[in-house]
Every structure is written in structure tokens, then in C-alpha cells.
Amino acid sequence: MVREFGWKVGGKQGEGIDSTGEIYAIALHRMGYYVFSYRHFMSLIKGGHTNYKIRVADRLIRHHGDDVHVLIAFDQTTIDYNWNDMVDGGVVIFDASAFTATKPSERNVHLFGVPLTDIAKEAGGPIMKNMVAIGVTAAINQFSPDDFIPVVRDKFGRKGQAVVDSNMEALRRGYAYFLEHYNVFFPAPAKPTAPAPDHLYISGNQAVAFGALAGGCRLLAAYPITPATEIMYWVLQYFPKYGGVVIQAEDEIAAVNMAIGANYAGVRAMTSTSGPGFSLMMEALGLAGMSETPLVIVDVQRSGPSTGLPTKTEQSDLNEAVFGTHGEIPRIVLTPRTVEECFLYTAEAFNLAERYQCPVIVLSDLFMGMSFHSVDQLPVSNVSIDRGKLISDEDLARLGRWEYQRYDHTVPDGISPRALPGQRNGRHVALGNEHNGVGIEVEDLETRVNQMAKRARKLLHFNHWSGVTVDGPDRASLALIGFGSTWGVLEEAREVLANEGIEVKHIHFSRVLPFPAEAFRAAMDGVEKGLVVELNSTGQLRHLIQQFAGYHERMDSCLKFNGDPISLREILTRAREVFPTGVLN
Amino acid sequence: MPTLQDFQTERATWCPGCGDFGVLNAMQKAVINLGIEPDDIVVVSGIGCSGKMAQHFGAYGLHSLHGRSLPTAQAVKLANRKLTVFAAGGDGDGFGIGMGHFIHAIRRNIDITYIVMDNHIYGLTTGQASPTSDEGAKTKTSPYGTVEAPIAPLQLALAQNCGFVAQGFSGNIKQLTTLIEKAVLHKGFSFVNVFSPCVTFNKVNTYEFYKSHLVNLDEDPSYDPHDRVQALRRVAEAGNVVVGLIYEDPHRQSFEESLHGYPETPMVHNDLSLGEADYETILASFR
């Protein structure tokens, strides 16, 4: 039984590849399938190779899969670039109006020419070659062209019925042409039988943005940067309806300081960025820590260092999130594993920031942020709002003038209540200098030590449901270990290994700071070999584990840093090398 | 009505005779004259001698990072539009490390007042050249005299069509108080540059120097502070050594007035929770 199907469309950037993929993906999602889409693109506007991969399945899937069954190629580069991902017996549809395709190597992969551009011209214009391609795929997948009407209407309805009609016409012509000339089918998998509680198609960036709104964030200050800008787009749609504000700052330094200013004044605020912007925010991160001002930063990581690969994924900002900024501050670093967690953790980040009065960093990445996929539901009912310790007007009124101690270091848990500007009798100065209780800078030795201890104490007894998850059998002596966005592909790897008789557990971090050492040690019980899978070149998570929990001799690494997301195959290959299956099982 | 007593804090740590005392005094008098309660004021400062303003002023304060008072202050204002918000800094803070924010704060036009204590020197770090140091100024980092041309703050602000531009002098607190009052009343971003002599590290741009050289435009009946081109010319002719209300455009729309969806009530009072209908609408957009 076919359970999944890999489809890819590729061509030059600026040719409408994204919208082709988007229309096909949304149509399949609405038919009830589970879809995962990954966009491969380059840091330029026109030209260069781009492709849009869609994996379709009858069950929830967490990555875009390694295999391509059907490839739509608008140029030879697309065929060359993706040739090795084609399955045996796979099908390439190429635009015969534009070029004559050749096989890069002799393989059992079939090339079928369809004059996509010419058919589009007949239907009304060459721009609709993408719709012709969708029609061809619909024929191969044995869908009906009518299945696509709602999506085409959504996509083009604003431009008028004529545009909708001509796009559908192009789609129908592609469909008819293929049936007429070729007798090749790749039936889509059977539709899932059990209805999902709520079948949603959403990206990590959208989930983060929605989570921010749900978590009470009402001010986003950000500077455009791939792959984080979509967070801005989403909140721009919704914040104004809820009395919120989006500021396009002049740079990331301004953005993060704006977020600090708004939080100081009592409005939940955040900034969203990627590596280069995150680096610019390091000094302000320290200000938030020192002045005990809540702050939420979302870092949608991309390949570094410096400008790096702006349109490619990586998990290499972990060290910076955990250690970045001079001096020492308390902070929380969340690493959501799924889009559902992108939503919930971002919402929760605002509670944590206000409860502990410190910066909270949410680490996503390009793969998580820009990929869209079908999920069963979002945990909206799990969202709550906890503003942390805010001193009441009544409590302030009972105090004498200048008696309110914003930074009272004698508070047992280290968390002294905040007063917000405008409150009577709550005046104080929030500051990055070392300070006394009311926020006047002082340099005496005792105050320094007391205030450092106060800030550090806030997270000593940190207790939260985020942390470490364990999947697979408790007794397994082998473990796959990861953080953040790789959870889905690691789960698949674990399942494949289990089917091969290799018992593996999967330990995954959804928070790395405060480091969940106790939970991790419990998960490691009985584990003799751990393979830490991460998308960076130096094994940042592995080193973090070794620093906070040990297990030096039991850890090995599976690293990837070429810019592409890690594939199932790569994990399996490395796991089979590292796990001494013959000996242990 | 608030009095000076209400603003009293610990004794300021500036050097005796520092121009910043005058600025502090004028800022406090201005808000007292306007009847603004100290609990409704936030002073956001940067780093440097001027940065101490947040602590000495006696209202709510946010002593931010070097050069970053402006972005921080703008967001404080957006978060609670009922507050009177000052950004305060020096010439190094504002025209060196923080210069980018200055131009963009003018563009954005959020209703805050920016006070720069311009002493042409880095004081707290004990006497290095600043962005407004006169060409040829001998300092610890320019022993043979600076070779860089000084920043022209007023002309920059005017060129960017800042809605309120004034320049004052710490030695004339009465005039400075009036200028700050007007700046606070101005709807939108207002900029007051103040010659605030450093008595310890700058022996050139002294009280005496300003007293004998300053051209006071407020005393010139022919001067029209609503004529931007004339303002640019007069400031240039005087080599920036002018005081008074340089320019005001009372009609320029502020960010708050222009921004789609910006609420009338302070954002800080927003209801943060989403209702079931809100969730339903948003979730439907993902189906």
C-alpha cells in the first residue's frame, strides 16, 4: 500500500515555483492529506535554482522526506540538481516548450516532455505554466481537476473570476494533455481515515507569530531578515486588531532595545530575528538580564557564521543563545521541537520572561520556520497568561516615598515585584549598571555580590514542563539525541531502526537553559551509546550536555552543516556506523 | 501640583559646575510648570555623564545602553501614551554610537522629547574627542587636534524635517526651561540640543565662550521658526552657535496619530487574552 508520495517542482527563482508548490500543497492538505513542504531557495530574486518539495502522506509527518517520486522541471538544472533524490521508477515531467531534457546518468527514472509553456499560452498566457504543471501532476496522481477549484479560487479570487477561470483552464489542459499522451500513474496514497481534530496547514514562523499573539505580545519590533521576516508579516495582519503595534526598526539593535522599553513599560513585547541580527542584540540581552526586564527574542537560525548561507538552515546559534553577551545573566532558552511547540512555547515565553524577569530566547530555524505542514491541532487551550510579580497600587501606597525597592535583594526567590511607570509611588530606575535596591548605580562590593546572587537565584529552582522528552523503549541502551526542529526526522529514524530490530530511544531537548540535567540523566539511565544529531560543525549540543551532565565517553556526533536540512538517510547511515548493534543486541 | 521637592533624589554625581546640573534643573522646572506628576514621567538615558540623568531626575528611569536611549524611549512611549517620555544623552552617546537612531527617531516621529547634553567631549571616559568636537580640538585622542569635521546636529535634524528643533544653553536656565516646555507640548518627536559645558575636560567650549558668542534667535523679532529653509541658513551662518526655538512644524502627524490600529487607550491596559471567536477566526485561516 502506498503510504506516501514525494513531489517536487523546480526551476529558476522568480518563475513562480513557490506558488506552484503552495497551490498543490494546500489542495492536498484540504483533501485531508498530511503534507510537509520545504522550500529550497537562494539569496537572490531572479535566477538561480529553487525548488519546492512536498511530501504527502496518510499520517502526520514531521519532515519533507528524502525521496522524490515526481519531479516537475522547468529547466535542466532542476533535473541535474535533484537527480539523486529521485526514486527508482520515478517520473520527471519537463517543460518541452523550453528545453529537451537529458538524463544526468543512466537510471531507471523516466523523462516525459510536456509543452507546459505552450499549453499555458493557449490557455491565456505563459505565466500559467505552473498551473499546467499542477494539472499534469493531478493526472499522474489520479485526482480530478475539480479538486483544485477551491484553492485556485482562494489564490486568484481577488483578481477576478476571469483569472480564476483561465488558471483552471490551464490546469485542465495540462491534465488532458498528459492523459492523452502518456499512460503513467503514481496514485496518491489513500486518504487518512480518521478525521483530525483540526487539520491545519501552518509554518513554524506562523506558529511563532500566532503564539506571540496568544501569549499577549502586543509589540513586535524587528528588522527584516531571512528566514524570520514572515513572523513580522503575520503579526502585521493581526496585531492592529488587538491594539498591538509592529515597528520596523532601523536595525536589530534598535529592535531589541524597543522590545526592552515596551516590556519595562508593561507591554509584552518581542523581537524576531536570525543569526546576524541576534549577534547585534548581544549587548541588549545583557541589559535585559541586568535590569531584570522581561524580554522575548525569537531567533530563527540560518547558516552562519557572518552572513553565511542566508537561505539555508542550521542549528549553530545554540552557543550564542546559551552563552552570548558579556558578563553573566540568568536566561531561559527554549528549543521547540514541532510547529505546535513553536506556538505554545512562544506564548509561554512571555510568561517565563515576566515570571523570572529575564530574557527568554526561542530558538527556531529556517527548516522549522519556513516549512509548512499539516498538523492535527494547535494546543490553544494550553495557553495561559501569568504576568509574574507586579506590585499593586495598594501595596505601593502603603510605602513611604522612595521606599519601594525594585531590586530588593533580600527576596528569598530573588524575584522582586515590578512596578510599572505611571503607578503612584513606584518610581525607580531600571539599569544596566550594577545597582542598589531602588536602581541607583553603586559600586560597593557587598551590593555587587548581593545583586549578582539575587539575579542568579531566580532560576535556581526553575521548574517547568519544557525540557526533555523521551520516545522509544525505556530499556534501550542506544539513544538518538537532538534539540529543536530535528525531533520529527529523529523520530522517523528511531522507528526505522526499531523495525530493523535495533532498539533505540530518542531523547530530545525542548529547552536547553536552564539545562534540564535531572530529566536528562533519568533519560540516559541504561544508555551506553548516545548519538547527538545536530546541524552545526562543532557539536554544540554535545558539548553542552557534557558540560552540564557529563557522559563524555558515551557520546558520539552526527553533524551536518552544508545548509540543507538533515535527511533520514544521513541519520540512519551514521547511526548504523556508531551503534554497535551486533555487540549490544 | 508637583513641586521641586517631589523630584528630589540623592545629590547628583556630576562635577561641581557641570552644565548637566542646569539641564536637570531646566527639565524639572519645565515638567513642574506643565503640572506633570513625576510618576507619569520616564527618563530614558544612554551612557556617559549625561546618562546619569535617568537617576538624578527623580521620575521613573531607564538607564539604557550606550547610544540606545532613543529606541528604548520610543517603545516606552508607544507602550503607554499617557506618559511623558524623555530620552536624554550626550553628544557621544547620541551623535556617535547612537547616531543612526537619531535620524530614524525623527523619521518615525513618536511623541517623545530628546535632550542632548552637548559638551563637545567625552567626559566620563576622561576627555576624548567627540563627534561634535571642533575641528582642531586637542584632546587625549587627538593630541595634534581633531581632523574630523564636527557633526551639525541642528542641520541634520532640519534636513530630515524634524517637527521640533531647539537649542539651549545650560547657562540660561530660564530660556532652556521654556524650550523644554515647548518641546514636551509638541506632538511628535522634539529635539533640544543643549550646550552643556564640561568644566573638567573642555577648556574651550566654556560658559564664557557661549556667553560671548551665542546668537539668541528667540530675541530676534525677524526670525520665523516656522521657516525651515531660513532656519537652516541662520544655523549655518552662525556656525551652529545659536540658541532658541529653531524650528517647529505644529502640523506634522505623529507616528501614534498615523499608525493603523494604534489604540487611543494606553497599550499597557490592553486585554491580553484571546476569546474563542478570535481563535476560531485565526485557526480557520490555517485550514
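The values are calculated or read from the model by the stated rules, or taken from the named source; none is laboratory data. If you're wondering where the values come from, they're calculated on a predicted model, not measured in any experiment. Virtual Cβ from ideal backbone geometry, glycine too; neighbours counted across all protein chains shown. Surface accessibility is based on the protein's heavy atoms, side chains included, excluding ligands, DNA and RNA. Shrake-Rupley method; radii C 1.70, N 1.55, O 1.52, S 1.80 Å.
Okay, residues lined up against (1) out of contact with any Asp or Glu (no Cβ under 9 Å at 6 or more places or on another chain); (2) closer than 30 Å to A:Gln161 by Cβ; (3) not aliphatic (A, V, I, L, M):
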residue	(1), (2), (3)
A:Ile54	yes, yes, no
A:Ala57	no, no, no
A:Val68	no, no, no
A:Phe74	no, yes, yes
A:Asp80	yes, no, yes
A:Met86	no, no, no
A:Gly90	no, no, yes
A:Lys103	yes, no, yes
A:Pro126	no, yes, yes
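Take the residues in segment A:454-507 that are in contact with a Gly (Cβ under 7 Å, 6 or more places away or on another chain), open to solvent by 30 Å² or more (accessible area, probe 1.4 Å) and farther than 25 Å from A:Leu60 by Cβ; name whichever of them is modelled with the highest pLDDT.
Filtering first and then ranking leaves A:Arg457.
For segment A:104-116, does any single residue satisfy the condition of being in contact with a helix residue (DSSP H, G or I) (Cβ under 7 Å, 6 or more places away or on another chain) and open to solvent by less than 20 Å² (accessible area, probe 1.4 Å)?
Within segment A:104-116 (the criterion being in contact with a helix residue (DSSP H, G or I) (Cβ under 7 Å, 6 or more places away or on another chain) and open to solvent by less than 20 Å² (accessible area, probe 1.4 Å)), the answer is yes, since at least one residue qualifies.
Do we find that A:Asp154 is charged (D, E, K, R) and assigned to a helix (DSSP H, G or I) in this structure?
yes
Only one of A:Val504, A:Val512, A:Val527, A:Val496 is touching a residue at least 40 places away in the same chain (Cβ under 8 Å), in the same structural domain as A:Leu559 (by TED's automatic domain parsing), closer than 24 Å to A:Ser316 by Cβ and of a type outside the set (Ser, Thr, Tyr); which? Don't jump to the end; show me each part of the working.
Working: A:Val504 fails: closer than 24 Å to A:Ser316 by Cβ; A:Val527 fails: closer than 24 Å to A:Ser316 by Cβ; A:Val496 fails: closer than 24 Å to A:Ser316 by Cβ.
Result: A:Val512 is the single residue among A:Val504, A:Val512, A:Val527, A:Val496 that is touching a residue at least 40 places away in the same chain (Cβ under 8 Å), in the same structural domain as A:Leu559 (by TED's automatic domain parsing), closer than 24 Å to A:Ser316 by Cβ and of a type outside the set (Ser, Thr, Tyr).
This table checks each residue for (1) of a type in the set (S, T, N, Q); (2) open to solvent by 10 Å² or more (accessible area, probe 1.4 Å); (3) more than 29 Å from A:Lys129 (Cα to Cα).
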position	(1), (2), (3)
A:Ala176	no, yes, no
A:Lys191	no, yes, no
A:Ala194	no, yes, yes
A:His199	no, yes, yes
A:Ala207	no, no, yes
A:Ala212	no, no, yes
A:Gly216	no, no, yes
A:Met232	no, yes, yes
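Here is a list: A:His29, A:His63, A:His40. Which entry is open to solvent by 10 Å² or more (accessible area, probe 1.4 Å), within 20 Å of the chain's Cα centre (by Cα), within 22 Å of A:Gly204 (Cβ to Cβ) and not hydrophobic (A, V, I, L, M, F, W, C)?
Numbers: A:His29 fails: open to solvent by 10 Å² or more (accessible area, probe 1.4 Å); A:His63 fails: open to solvent by 10 Å² or more (accessible area, probe 1.4 Å).
That would be A:His40, the only listed residue that is open to solvent by 10 Å² or more (accessible area, probe 1.4 Å), within 20 Å of the chain's Cα centre (by Cα), within 22 Å of A:Gly204 (Cβ to Cβ) and not hydrophobic (A, V, I, L, M, F, W, C).
Checking the condition surrounded by fewer than 23 Cβ atoms within 10 Å (Cβ to Cβ) and touching a Lys or Arg at 6+ places or on another chain (Cβ under 6 Å), which residue from A:Ser537, A:Ser510 passes? Steps first, answer last, please.
Working: A:Ser537 fails: touching a Lys or Arg at 6+ places or on another chain (Cβ under 6 Å).
That would be A:Ser510, the only listed residue that is surrounded by fewer than 23 Cβ atoms within 10 Å (Cβ to Cβ) and touching a Lys or Arg at 6+ places or on another chain (Cβ under 6 Å).
For the condition facing chain A (nearest Cβ under 9 Å) and out of contact with any strand residue (DSSP E or B) (no Cβ under 6 Å at 6 or more places or on another chain), what is the one hit in B:Ile103, B:Ile97? Before you say what the answer is, go through the steps one by one.
Numbers: B:Ile97 fails: facing chain A (nearest Cβ under 9 Å).
Selected residue: B:Ile103, the only one of B:Ile103, B:Ile97 that is facing chain A (nearest Cβ under 9 Å) and out of contact with any strand residue (DSSP E or B) (no Cβ under 6 Å at 6 or more places or on another chain).
Any idea which of (1) more than 14 Å from every other protein chain (Cβ to nearest Cβ); (2) at pLDDT 95 or above; (3) crowded, with 24+ Cβ neighbours inside 10 Å is the one B:Pro150 doesn't satisfy?
Condition (3) is where B:Pro150 drops out.
Can we say B:Gln230 is away from chain A (no Cβ under 14 Å), more than 24 Å from B:His104 (Cβ to Cβ) and of a type outside the set (D, E, K, R)?
Numbers: away from chain A (no Cβ under 14 Å): yes; more than 24 Å from B:His104 (Cβ to Cβ): yes; of a type outside the set (D, E, K, R): yes.
So B:Gln230 fits the description; yes.
Under 7 Å by Cβ, and 6 or more places apart or on different chains, what pairs join a residue from segment B:30-50 that is farther than 18 Å from B:Gly89 by Cβ and within 12 Å of chain A (Cβ to nearest Cβ) with one that is aromatic (Phe, Trp, Tyr) and in a helix (DSSP H, G or I)?
Once the first residue is farther than 18 Å from B:Gly89 by Cβ and within 12 Å of chain A (Cβ to nearest Cβ) and sits in segment B:30-50, its partners that are aromatic (Phe, Trp, Tyr) and in a helix (DSSP H, G or I) give B:Pro38/B:Phe7.
Can you tell me how many residues in segment A:386-403 are touching a helix residue (DSSP H, G or I) at 6+ places or on another chain (Cβ under 7 Å), surrounded by 13 or more Cβ atoms within 10 Å (Cβ to Cβ) and within 11 Å of another protein chain (Cβ to nearest Cβ)?
1
I'd like to verify a number: residues in segment B:239-287 that are more than 11 Å from every other protein chain (Cβ to nearest Cβ) and touching a Leu at 6+ places or on another chain (Cβ under 8 Å), how many? Working first, answer last.
So the first thing to find is which residues in segment B:239-287 are more than 11 Å from every other protein chain (Cβ to nearest Cβ), and the list is B:239-254, B:257-258, B:277.
Checking which are touching a Leu at 6+ places or on another chain (Cβ under 8 Å) leaves us with B:240-247.
Of the residues in that region, 8 qualify.
Any residue in segment A:513-534 that is over 30 Å from A:Tyr264 (Cα atoms), crowded, with 23+ Cβ neighbours inside 10 Å and among the acidic types (Asp, Glu)?
yes
Being modelled with pLDDT of 95 or more, more than 20 Å from A:Gly6 (Cα to Cα) and of a type outside the set (Ser, Thr, Tyr) is true for just one of A:Ala120, A:Ala138. Which residue is that? Can you show your working first?
Numbers: A:Ala138 fails: more than 20 Å from A:Gly6 (Cα to Cα).
Of the residues listed, the single one that is modelled with pLDDT of 95 or more, more than 20 Å from A:Gly6 (Cα to Cα) and of a type outside the set (Ser, Thr, Tyr) is A:Ala120.
Being more than 18 Å from B:Thr206 (Cβ to Cβ) and surrounded by fewer than 16 Cβ atoms within 10 Å (Cβ to Cβ) narrows it down to one of B:Thr113, B:Thr125, B:Thr177, so name that one.
Within the list B:Thr113, B:Thr125, B:Thr177, the selection yields B:Thr125.
Taking segment A:432-469 as the region of interest, how many residues are assigned to a helix (DSSP H, G or I) and among the hydroxyl-bearing types (Ser, Thr, Tyr)? Give the derivation first.
Filtering segment A:432-469 for residues assigned to a helix (DSSP H, G or I) gives A:445-457.
Now drop any that are not among the hydroxyl-bearing types (Ser, Thr, Tyr), which leaves A:447.
Counting residues in segment A:432-469 that are assigned to a helix (DSSP H, G or I) and among the hydroxyl-bearing types (Ser, Thr, Tyr) gives 1.
With respect to A:Pro379, is the statement that it is modelled with pLDDT of 95 or more and either more than 11 Å from chain B (Cβ to nearest Cβ) or in contact with a Cys (Cβ under 7 Å, 6 or more places away or on another chain) (or both) true?
Numbers: modelled with pLDDT of 95 or more: yes; either more than 11 Å from chain B (Cβ to nearest Cβ) or in contact with a Cys (Cβ under 7 Å, 6 or more places away or on another chain) (or both): yes.
Spelling it out, A:Pro379 is indeed modelled with pLDDT of 95 or more and either more than 11 Å from chain B (Cβ to nearest Cβ) or in contact with a Cys (Cβ under 7 Å, 6 or more places away or on another chain) (or both).
For segment A:132-149, check the following and say yes or no: at least one residue is in a helix (DSSP H, G or I), among the hydroxyl-bearing types (Ser, Thr, Tyr), more than 30 Å from the chain's Cα centre (by Cα) and under 25 Å from A:Asp75 (Cβ atoms). Let's see the steps before the verdict.
Filtering segment A:132-149 for residues in a helix (DSSP H, G or I) gives A:132-141, A:145-149.
When the remaining residues are screened for being among the hydroxyl-bearing types (Ser, Thr, Tyr), the result is A:137.
Retained after the next criterion (residues that are more than 30 Å from the chain's Cα centre (by Cα)): none.
Looking for residues that are in a helix (DSSP H, G or I), among the hydroxyl-bearing types (Ser, Thr, Tyr), more than 30 Å from the chain's Cα centre (by Cα) and under 25 Å from A:Asp75 (Cβ atoms), one finds none in segment A:132-149, hence no.
Tell me the helices (runs of 4 or more DSSP H) entirely within segment B:222-287 that contain at least 2 residues that are loosely packed, with under 12 Cβ neighbours inside 10 Å. Steps first, answer last, please.
On the way: elements: B:228-237, B:255-258, B:276-284.
Those helices (runs of 4 or more DSSP H) span B:228-237, B:276-284.
So which residues in segment B:126-152 are under 19 Å from B:Cys18 (Cα atoms) and out of contact with any helix residue (DSSP H, G or I) (no Cβ under 6 Å at 6 or more places or on another chain)? Spell out the reasoning first.
Keep residues of segment B:126-152 that are under 19 Å from B:Cys18 (Cα atoms), which gives B:126-130, B:132-133, B:139.
Within segment B:126-152, B:Thr126, B:Gly127, B:Gln128, B:Ala129, B:Ser133, B:Thr139 qualify.
So, in segment B:51-91, how many residues would count as being basic (Lys, Arg), more than 7 Å from every other protein chain (Cβ to nearest Cβ) and not in a helix (DSSP H, G or I)? Even if it seems obvious, please write down each step before you answer.
Taking segment B:51-91 first, the residues basic (Lys, Arg) are B:52, B:68, B:77, B:81-82.
Now narrow it down to the ones that are more than 7 Å from every other protein chain (Cβ to nearest Cβ): B:52, B:77, B:81.
After this cut, where a residue has to be not in a helix (DSSP H, G or I) as well, the list is B:81.
Of the residues in that region, 1 qualify.
Against the definition (modelled with pLDDT of 95 or more, more than 22 Å from A:Val496 (Cβ to Cβ) and in a strand (DSSP E or B)), how does A:Gly6 come out, yes or no? Outline the logic, then answer.
On the way: modelled with pLDDT of 95 or more: yes; more than 22 Å from A:Val496 (Cβ to Cβ): no; in a strand (DSSP E or B): yes.
So A:Gly6 does not fit the description; no.
Which residues, taken from segment A:306-355, are among the polar types (S, T, N, Q) and either surrounded by fewer than 24 Cβ atoms within 10 Å (Cβ to Cβ) or part of a loop (DSSP other than H, G, I, E, B) (or both)? Steps first, please.
So in segment A:306-355, the residues among the polar types (S, T, N, Q) come out as A:306-307, A:311, A:313, A:315-316, A:319, A:325, A:335, A:338, A:346, A:351.
Residues satisfying the conditions are A:Ser306, A:Thr307, A:Thr311, A:Thr313, A:Gln315, A:Ser316, A:Asn319, A:Thr325, A:Thr335, A:Thr338, A:Asn351.
Select from segment A:356-385 the residues that are aliphatic (A, V, I, L, M) and either surrounded by fewer than 18 Cβ atoms within 10 Å (Cβ to Cβ) or outside any strand (DSSP E or B) (or both) and list them in ascending order.
Answer for segment A:356-385, where residues must be aliphatic (A, V, I, L, M) and either surrounded by fewer than 18 Cβ atoms within 10 Å (Cβ to Cβ) or outside any strand (DSSP E or B) (or both): A:Leu366, A:Met368, A:Met370, A:Leu378, A:Val380, A:Val383, A:Ile385.
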